[in-house]
Amino acid sequence: MYLNELSNLKLFSQLSLKQVEDRLLLTADFPKEFLTENKMKEPFLYVTLYTRGGERIKIIDEATTKIFYPAKHEMSPEIRKYIVDFAKSQAKQFRVQSK
């Protein structure tokens, strides 16, 4: 599984734990070959941003209830940065810092 393309990110839901982390559910348009290769039908991104630094990205397929933990080498650095920057722009605790 290598993710090198992603478009149309949208915020679906978020949870903010004050001074700990922000958790966001993001919808996106994934490439068809990525979906086919990984047997996904309705994936979304689950992004956790930690206030002390760092982030975690998971891909959850709602149709099959599979959870994927893409490692840094399984996602292009540009896409990872795109996802994290978008999540920070939407997260309550990071919005001020990212502007």
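No lab work stands behind these numbers, since they all come straight from the coordinates. The structure presented is a predicted model; accordingly, all values stated were derived computationally and were not measured. Neighbour counts run over all protein chains shown; Cβ positions are idealised from the backbone, glycine included.
Here are a few things to note about the model shown:
- Only one entry of ARG80, ARG23, ARG52 meets the criterion of being of a type in the set (Lys, Arg), on the phi < 0 side of the Ramachandran plot and touching a Ser or Thr at 6+ places or on another chain (Cβ under 9 Å), and that entry is ARG23.
- Scanning region 70-89 for residues that are surrounded by fewer than 16 Cβ atoms within 10 Å (Cβ to Cβ) and either in contact with a strand residue (DSSP E or B) (Cβ under 6 Å, 6 or more places away or on another chain) or among the aliphatic types (A, V, I, L, M) (or both) yields a single hit, ALA71.
- Members of region 21-42 that are out of contact with any helix residue (DSSP H, G or I) (no Cβ under 9 Å at 6 or more places or on another chain), part of a loop (DSSP other than H, G, I, E, B) and surrounded by 13 or more Cβ atoms within 10 Å (Cβ to Cβ): PHE30, PRO31, ASN38
- Residues being of a type in the set (Val, Ile, Thr), assigned to a loop (DSSP other than H, G, I, E, B) and free of Cβ contacts under 8 Å to residues at least 24 places away in the same chain - total across region 43-89: 1
- Evaluating LYS58 against the criteria (1) over 12 Å from the mean Cα position of the chain (by Cα); (2) among the charged types (D, E, K, R); (3) under 21 Å from GLN90 (Cβ atoms); (4) surrounded by 13 or more Cβ atoms within 10 Å (Cβ to Cβ) leaves one unmet condition, (1).
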